[in-house]
Amino acid sequence: GGHGTVSGGEDNDATNTHASVSGGELNIASGDGSHIGGGHQNASSGADSCVPGGLDNLADGVVSVAMGDKATTRTMRGAVARASGSFATDGDAQSRDVVLRRQTTTDTFLSLTADGGGDSSTDSLQIPNNSCMRISGSVTGYLSTGAKVATYTVKALVKRVSGVTTLAYQSVTSDFEDDSLWDVQIIAYSSGLTIQAKGGSGETVNWLAEIRTGEVG
């Protein structure tokens, strides 16, 4: 690719603009500005994504990272996926770290996503059919004036079997709230789950979720 680089190794490709592969074998950096450090049979197809090394990893989300053995970021923006192997398919025994965000200005629940906008396949927590995903983490809210803050602990287990998604377990604990009208909830939808938050009407509240998943299929 234009301005791409392959520094060494065997059968490596940097097929897009500014992509690079430092070494290893059978690695393909196909995302604009993506990078693979080494290892075998890794792919970085998301723009500005990275695979530091390892085996059979796929960083297909924008600014995502995959590492270990058979980890996949599932096209999610900014996800960091880790695995040490798989049962049958890539990503069926892995974890992901994700950061979600959203700004609310009403007292209506809105989904927190990787790009701060509406739900989409690249910005929300999705899982393949016939698998389950456990999440745990925290959600923090900050009023733009600094007058109010809140933090919550979230946990959930969602399964997707034969095309039907079910929220098997959920827990939202309010650790601290300056305003009891603020709230967080977890909702299952067709391909996974979404974490939603709301502030007060007419208040500009910035929300951040730090989430770790455990995914098995």
Classify segment 9-137 as rounded, prolate or oblate, taking a ≥ b ≥ c as the square roots of the eigenvalues of its Cα gyration tensor: rounded when a/c is under 1.5, otherwise prolate if a/b is larger than b/c and oblate if not. oblate
By the C-alpha gyration tensor axes a ≥ b ≥ c (rounded if a/c is under 1.5, else prolate when a/b exceeds b/c, else oblate), the shape of the chain is prolate
Antiparallel DSSP bridges in segment 27-160: what percent, to the nearest 5? 55 percent
Extended-chain gain in nm, criterion 0.36 nm per residue less alpha-carbon gap, residue 176 and residue 130: 12.9 nm
Work out how much length residue 204 to residue 216 would gain on full extension: take 0.36 nm times their residue separation and subtract the Cα-Cα distance, in nm to one decimal. 0.6 nm
What FRET efficiency do you get for residue 167 and residue 84 if R0 is 35 Å and r is their Cβ-Cβ distance, rounded to the nearest 0.05? 0.80
Among 99, 164, 205, the residue with the largest mean-square fluctuation in a Gaussian network model of the chain built from Cα contacts under 10 Å is 164
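Only the coordinates and a few stated rules stand behind these numbers; no lab work does. Only a predicted model underlies this, so the values are computations on that prediction, with no experimental measurement involved. A quick note on method: Cβ atoms are made from the backbone with ideal geometry, for glycine too, and the neighbour counts reach across all protein chains shown.
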